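Trainee: I have a structure I would like to understand better, so I am pasting it below and will then ask my questions one at a time.
The values are calculated or read from the model by the stated rules, or taken from the named source; none is laboratory data. A quick note: this is a predicted structure, and the numbers were derived from the prediction, not measured. For neighbour counting, all protein chains shown are included, and Cβ atoms are generated from backbone atoms with ideal geometry for every residue, glycine included. Just so you know, the surface numbers come from the protein's heavy atoms only, side chains and all, with ligands and any DNA or RNA stripped out. Shrake-Rupley method; radii C 1.70, N 1.55, O 1.52, S 1.80 Å.
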Amino acid sequence: MAKITLDNLAHSYLPNPGHEDDFALKELNHDWIDGEAYALLGASGCGKSTLLNIISGLLQPSQGRILFNDVDVTNAPTAERNIAQVFQFPVVYDTMTVRDNLAFPLRNRGADASYVAERVQQIAQMIGMEDELNRKARGLTADAKQKISLGRGMVREDVNALLFDEPLTVIDPHMKWELRTQLKSLHHEFGHTMIYVTHDQTEALTFADKVVVMYDGRVVQIGTPQELFERPAHTFVGYFIGSPGMNLFDAQISGNAAQVAGASINLNKTYAPKGGKTQLGVRPEFIRLNGEGLGLPAKVTRVEDVGRHKIIRLDVAGQPVSAIAEEGATVPSENTAISFDPAGINVYADDWRISAEGEAA
Ligand code: ADP
Ligand code: MG
């Protein structure tokens with residue numbers, strides 16, 4: 001297992017990149033702590049696979065270095081990096097049995113037969129394929145083949161890191177949950193450094209200790225699920241994580257007050273934005289519905305009952321806003337007013353969160 005350091009890393013698929021936009025992966029410095037389980041979360045095309053393939057050595061970065069336990073491996077081939085990687089689509093040997101597919105990485109490293117047999121049995125149980133060990137992989141469903149790929153990724157106990165690139169895409173929904181749980185327990189058991197790529201926030205938040213959020217080739221925040229929820233470092237994190245995502249309000253900010261759609265809002269803290277576009281970010285959980293006249297005028301446009309709570313869709317000065325209210329709460333019929341719980345207000349300048357005076361960054 002290893003700590004993985006990304007030092008000044010960046011990648012462009014173009015031969016002579018000039019502008020920042022030419023980079024699929026913008027400059028990045030980061031330590032992946034030994035033994036932690038990370039999710040790498042972001043929309044399609046934001047650079048997740050690019051980053052993963054650089055770590056595993058399938059791709060040479062156009063700039064910067066990768067270190068495993070402080071040893072430079074930037075030019076080391078994949079095989080020397082001692083990494084297991086599972087891809088979005090199955091990679092299996094069709095002519096081999098399920099057993100031989102699973103055993104392959106172990107035999108390849110010269111593990112002894114009794115250990116191989118025992119470990120393959122264990123893995124087969126984890127992926128729910130004990131009864132199919134003697135079958136040839138050919139003819140199995142894509143779902144079953146992907147489970148074999150996952151099993152093969154997990155079979156070695158001595159890897160530096162386990163990398164998963166959207167591995168559950170072709171797996172049916174029920175089995176997804178089951179396999180994710182298995183991956184988690186594997187992590188608890190062996191303490192591998194794990195990086196799990198997904199575009200699904202639920203998957204990311206349930207799998208990982210730390211979530212690395214990428215947007216447009218850039219890592220915009222690394223944090224616990226709670227940190228991403230409470231203090232989104234970038235407006236994208238606020239919008240992408242949470243259901244519904246964070247509301248954004250254009251605001252003029254001076255000291256501890258914000259002007260939003262003609263109303264003055266007390267921030268309880270003092271901010272000094274240095275120009276640029278300033279906004280308040282308020283998650284639906286922190287929007288309060290008051291009586292008409294008490295706050296920002298709002299119109300209820302729709303109410304969605306989603307079980308434990310209600311999502312209230314509002315129109316505030318022509319802009320859609322979502323609020324969450326408790327199941328039993330009375331919802332005003334149409335005209336109402338909203339206010340923000342000061343504890344749930346984040347302030348953004350040009351999309352990046354800024355700290356209040358006296359608050360740690
Ligand atoms: P993700 O895995 O987050 O969906 P990728 O890392 O695959 O994103 O892609 C990031 C960006 O790099 C995208 O704009 C994609 O089109 C581009 N890209 C990916 N692979 C290649 C490639 N082999 N050649 C050129 N551009 C690529
Ligand atoms: Mg990808």
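Trainee: Tally the residues that are open to solvent by less than 80 Å² (accessible area, probe 1.4 Å) and charged (D, E, K, R), restricting the search to the stretch 100-117.
Mentor: Of the residues in the stretch 100-117, 1 are open to solvent by less than 80 Å² (accessible area, probe 1.4 Å) and charged (D, E, K, R).
Trainee: Could I ask something else about it? Report every pair of residues separated by at least 6 positions or lying on different chains whose Cβ atoms are under 7 Å apart, first residue within the stretch 342-360 and open to solvent by less than 20 Å² (accessible area, probe 1.4 Å), second in a helix (DSSP H, G or I).
Mentor: From residues that are open to solvent by less than 20 Å² (accessible area, probe 1.4 Å), the pairs are GLY344/GLU285; GLY344/PHE286; TYR348/THR235.
Trainee: Sticking with this structure for a sec: Restricting attention to the stretch 227-243, which residues are closer than 14 Å to ASP200 by Cα and either touching a residue at least 12 places away in the same chain (Cβ under 8 Å) or of a type in the set (Gly, Ala, Ser) (or both)?
Mentor: Of everything in the stretch 227-243, those that are closer than 14 Å to ASP200 by Cα and either touching a residue at least 12 places away in the same chain (Cβ under 8 Å) or of a type in the set (Gly, Ala, Ser) (or both) turn out to be VAL237, PHE240, ILE241, GLY242, SER243.
Trainee: Moving on. What tally of residues in the stretch 24-42 results from selecting those that are of a type outside the set (Val, Ile, Thr) and open to solvent by 40 Å² or more (accessible area, probe 1.4 Å)?
Mentor: Count: 4.
Trainee: Moving on to the next point. Could you list, in sequence order, all residues of the stretch 26-76 that are near ligand 2 (Cβ under 10 Å from one of its atoms) and not in a loop (DSSP other than H, G, I, E, B)?
Mentor: Pass one, the stretch 26-76, residues near ligand 2 (Cβ under 10 Å from one of its atoms): 40, 42, 44-53.
Answer for the stretch 26-76, where residues must be near ligand 2 (Cβ under 10 Å from one of its atoms) and not in a loop (DSSP other than H, G, I, E, B): LEU40, LYS48, SER49, THR50, LEU51, LEU52, ASN53.
Trainee: What pairs can you find where one residue is in the stretch 186-202 and in the same structural domain as LEU162 (by TED's automatic domain parsing), the other is away from ligand 2 (no atom under 16 Å from the Cβ) and in a helix (DSSP H, G or I), and their Cβ atoms are less than 6 Å apart, with a gap of 6+ or different chains?
Mentor: LEU186/MET154; MET194/HIS187; TYR196/PHE207
Trainee: Also, quick follow-up: Name every residue in the stretch 154-164 that is touching a residue at least 40 places away in the same chain (Cβ under 8 Å) and either of a type outside the set (A, V, I, L, M) or in a helix (DSSP H, G or I) (or both), in order of residue number.
Mentor: Within the stretch 154-164, MET154, ARG156, ASP158, ASN160, PHE164 meet the criteria.
Trainee: Of all the strands (runs of 3 or more DSSP E) wholly in the stretch 165-266, which have at least 3 residues that are touching a His at 6+ places or on another chain (Cβ under 7 Å) and at pLDDT 90 or above?
Mentor: Values: elements: 193-198, 210-215, 218-223, 247-250, 252-260.
Strands (runs of 3 or more DSSP E) meeting the threshold: 218-223.
Trainee: Is there any pair with a first residue in the stretch 41-55 that is closer than 11 Å to LEU163 by Cα and a second that is near ligand 1 (Cβ under 7 Å from one of its atoms) and in a helix (DSSP H, G or I) whose Cβ atoms are under 7 Å apart and which are 6 or more apart or on different chains, and what are they?
Mentor: Sorted first by the residue in the stretch 41-55, then by its partner, the list stays empty.
Trainee: What strands (runs of 3 or more DSSP E), lying completely within the stretch 276-361, carry at least 1 residues that are within 20 Å of PRO232 (Cβ to Cβ) and not basic (Lys, Arg)?
Mentor: Numbers: elements: 278-282, 287-290, 296-305, 309-316, 319-326, 335-340, 345-349, 352-354.
Output list reads 278-282, 287-290, 309-316, 319-326, 335-340, 345-349, 352-354.
Trainee: Restricting attention to the stretch 196-218, which residues are more than 15 Å from ligand 2 (Cβ to nearest atom) and open to solvent by 20 Å² or more (accessible area, probe 1.4 Å)?
Mentor: Answer for the stretch 196-218, where residues must be more than 15 Å from ligand 2 (Cβ to nearest atom) and open to solvent by 20 Å² or more (accessible area, probe 1.4 Å): GLN201, THR202, LEU205, THR206, ASP209, LYS210, ARG218.
Trainee: What's the number of the condition ASN134 fails, among (1) open to solvent by 60 Å² or more (accessible area, probe 1.4 Å); (2) in a helix (DSSP H, G or I)?
Mentor: Evaluating ASN134 over (1) open to solvent by 60 Å² or more (accessible area, probe 1.4 Å); (2) in a helix (DSSP H, G or I) leaves (2) as the failure.
Trainee: Which condition number does PHE236 fail, the rest of (1) assigned by TED's automatic domain parsing to the domain that holds ALA317; (2) more than 30 Å from SER333 (Cα to Cα); (3) surrounded by 15 or more Cβ atoms within 10 Å (Cβ to Cβ) being met?
Mentor: Every condition holds for PHE236 apart from (1).
Trainee: Please indicate, with yes or no, whether at least one residue in the stretch 2-16 is outside any loop (DSSP other than H, G, I, E, B), open to solvent by less than 60 Å² (accessible area, probe 1.4 Å), in contact with a Phe, Trp or Tyr (Cβ under 6 Å, 6 or more places away or on another chain) and small (Gly, Ala, Ser).
Mentor: Yes, some residue in the stretch 2-16 is outside any loop (DSSP other than H, G, I, E, B), open to solvent by less than 60 Å² (accessible area, probe 1.4 Å), in contact with a Phe, Trp or Tyr (Cβ under 6 Å, 6 or more places away or on another chain) and small (Gly, Ala, Ser).
Trainee: Going by the structure shown, is MET154 buried (at least 19 other Cβ atoms within 10 Å of the Cβ), within 16 Å of ligand 2 (Cβ to nearest atom) and not polar (S, T, N, Q)?
Mentor: no
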